[in-house]
1. Among the residues of the range 18-34, how many are open to solvent by less than 80 Å² (accessible area, probe 1.4 Å) and either under 25 Å from residue 4 (Cα atoms) or at pLDDT below 85 (or both)?
2. Quickly run through the range 16-46 and pick out the residues that are outside any loop (DSSP other than H, G, I, E, B) and more than 12 Å from the chain's Cα centre (by Cα).
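The values are calculated or read from the model by the stated rules, or taken from the named source; none is laboratory data. On a predicted model such as this, the values are computed, not experimentally measured, just so you know. Note: accessible area is taken over every heavy atom of the protein model, side chains too, but ligands, DNA and RNA are not part of it. Shrake-Rupley method; radii C 1.70, N 1.55, O 1.52, S 1.80 Å.
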Amino acid sequence: MGSDIGLLVFDEAHHATGKHPYNMIMKNFYSTLPPRTNLSRPEDRVRPMVLGLTASPIYGGNVDVAFRYE
C-alpha cells in the first residue's frame, strides 16, 4: 500500500469500528504511511485516498460516535 494503491473504497463503511477488518487496515497500514501532499509524486509511498460509502451515516443513532476516528 502506498505506491501501488491510490484509492481505497470501503462499502458499508459504518461497520469500520473496533476489530472490523476495515478498521484494522486503516490502523495497521494506512496510518503508518506519510500523508499525501500537493508535493507528493506518483512514485512516493504515501497514504492512498479513501472513499467510505454507507447508507447509514448515523451508526447507532449517535452522531458523535458515528464520526469519531478510532
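1. Of the residues in that region, 10 qualify.
2. none
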